[in-house]
């Protein structure tokens, strides 16, 4: 087990290196330069000065080496080309918590309501109630978060005037309600479906018969035998969902004017802001890798039958 | 003698009674169709998708007007008899744009799935069938690509492709870039989507192959001297297609949603080629004064996604009855 964890952790390094290398060369192979998007063409000598300032006049391998060396030795991601004087690492540190908080809230919402919907659906399979909860979850899967967000803004902010139309005021203001629901709807639907099917599967297992034959009440059987086993597979889905929600929040962030990482990334890709693109990609890749590791380890803790070598 | 006769007749009787009690034999595909037909939501969804596809394919005939036909006398009109879904800020008929937009959405999703299957299935089969170091190398690559946050990777690949397609020279490249240009940047979008999402399909296929290659019929085919290629593509491939079909059906709404999202951010198709995402983006900008500009494309998109999800459920249950209700 310890060996497995050590190996997985050590694998993070070559994986991140590969992510960095692919992103770096893909960005530099794309025709155009960071100075194309400034409105009108810059004079040649200005472009040359800019290239020199940011080291873009050096051979590509040297640029690659310098960039990599900066990351490895100082964790330095460089300076944004477009917003001059802004250190990319500082911006990420500033903005990432916003995206992360949104993601965590959305997943909390998705877990609570998804599990409730799934359990309701599993009480009487194929009944009217079950079909209704299934319908709700299909709606959740079929509504893109940008559509959900805008519809909610129209309904709750413009017509009913209950909530603000957007912005960010920290995690405890009512501004988070619309983005959290919009982001959480999809994962909620998926969690509901998984919960329903794994509760049904778990109900037909032998340990449930044993528990019943011990004379436990149905409620007791459900809470301490059926649900914990059913929720193991839900954990994986939730873990993957968290990554999707955090990395996929830029639609919602841009509609609702939330200062997270998503919007920042999109504008930097079209503007060829290499340091920002690479910084964001590395940050999200780290998140994906760590979440995948956590999910795999959570499995062994929750289900002692699974062992890794 | 008499006794023997008795045994014979009784034997005959049993045979007859067994035959009578046997269910009427149906071919496997007929059984699947019957199972599919029992699922009402899936059948309705299939009909909806069929009608949508027909309408989109024959868009010049079915749409009331062209997608870029401007009528300055009728700007941002609410739905009326003349313009069923109203008109947009340039006086273009919203229904016609939705129909042409369906072409974009359906084409992107089907082409992207084609790219996904063409990469994912062979890689999965080769990886699972070969085992050993081939499998290890392929799986390492797949794991590394999995670490890429998929949306960011799609955006990076897409900017690269669109830039390269515009500037490259040569016969094939020119043809490709002309195709890309005439579809408003669609080609770049679907290649990018395909290049990122083949991973999941290849994993599904590999898992299936690992169990199928140990089955008796594969062993039998090998025993009579089948080559590796023959085994992989004649015996194993047909048996992994069912889960692939399910993955493809569920993948289609995902791609439609992503394409619309990318167009929404201005990274997908470029105007004037209409895409549902572009229309939603235009609708969002003006939703306070003209809600119909957002509601029409938003609902169309959601209904289509709903239909594909129900269709996917139906296909999965039809192929594998043990998955019923999961």
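May I ask you to say which residue of B:267, B:231, B:245 is modelled with pLDDT of 80 or more and either outside any helix (DSSP H, G or I) or within 22 Å of the chain's Cα centre (by Cα) (or both)?
B:245
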**Study point:** Residue under evaluation residue A:102, criteria (1) part of a helix (DSSP H, G or I); (2) more than 13 Å from chain B (Cβ to nearest Cβ); (3) more than 30 Å from residue A:273 (Cβ to Cβ), criterion not met
**Key:** (3)
Review point. Within the stretch A:124-137, is even one residue at the interface with chain B (Cβ under 10 Å from one of its Cβ atoms), over 26 Å from the mean Cα position of the chain (by Cα) and assigned to a helix (DSSP H, G or I)?
Key: yes
Review point. Among A:249, A:233, A:213, A:197, which is within 24 Å of residue A:288 (Cβ to Cβ) and surrounded by fewer than 22 Cβ atoms within 10 Å (Cβ to Cβ)?
Key: A:233
Review point. Of the residues B:96, B:65, which is modelled with pLDDT of 80 or more and over 30 Å from residue B:197 (Cβ atoms)?
Key: B:96
**Study point:** Count of the stretch A:155-166 residues which are in contact with a helix residue (DSSP H, G or I) (Cβ under 8 Å, 6 or more places away or on another chain), modelled with pLDDT under 80 and either assigned to a helix (DSSP H, G or I) or under 15 Å from residue A:187 (Cβ atoms) (or both)
**Key:** 1
Check your understanding: All but one of (1) at pLDDT below 70; (2) not in a helix (DSSP H, G or I) hold for residue A:58; which doesn't?
Key -> (1)
Review point. Tell me, which residue of the stretch A:241-260 that is facing another protein chain (nearest Cβ under 10 Å) and touching a residue at least 40 places away in the same chain (Cβ under 8 Å) is farthest from residue A:8 (Cα to Cα)?
Key: A:255
Practice item. Select, from B:279, B:257, the only residue that is surrounded by 23 or more Cβ atoms within 10 Å (Cβ to Cβ), within 14 Å of chain A (Cβ to nearest Cβ), closer than 20 Å to residue B:70 by Cβ and modelled with pLDDT of 80 or more. Key: B:279
**Study point:** Subset of the stretch A:263-288 that is under 15 Å from the mean Cα position of the chain (by Cα) and farther than 18 Å from residue B:146 by Cα - its residue that is nearest to the other protein chains (Cβ to nearest Cβ)
**Key:** A:265
Point to revise | Any hit, the stretch A:211-218, residues being in contact (Cβ under 8 Å) with a residue 60 or more places away in the chain and over 26 Å from residue B:257 (Cβ atoms) | key: no
**Study point:** For residue A:249: the one exception among (1) modelled with pLDDT of 80 or more; (2) under 23 Å from the mean Cα position of the chain (by Cα)
**Key:** (1)
**Study point:** Subset of the stretch A:260-276 [part of a helix (DSSP H, G or I) and closer than 25 Å to residue A:104 by Cβ]
**Key:** A:261, A:262, A:263, A:264, A:265, A:266, A:267, A:268, A:276
Practice item. With the condition kept exactly as written, say whether any residue in the stretch B:299-312 is in a helix (DSSP H, G or I), over 17 Å from the mean Cα position of the chain (by Cα) and buried (at least 19 other Cβ atoms within 10 Å of the Cβ). Key: yes
Check your understanding: Out of (1) within 28 Å of residue A:102 (Cβ to Cβ); (2) assigned to a helix (DSSP H, G or I), the odd one out for residue A:199 is which?
Key -> (1)
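The values are calculated or read from the model by the stated rules, or taken from the named source; none is laboratory data. Keep in mind the model is a prediction, meaning the values are calculated, not measured. A quick note on method: Cβ atoms are made from the backbone with ideal geometry, for glycine too, and the neighbour counts reach across all protein chains shown.
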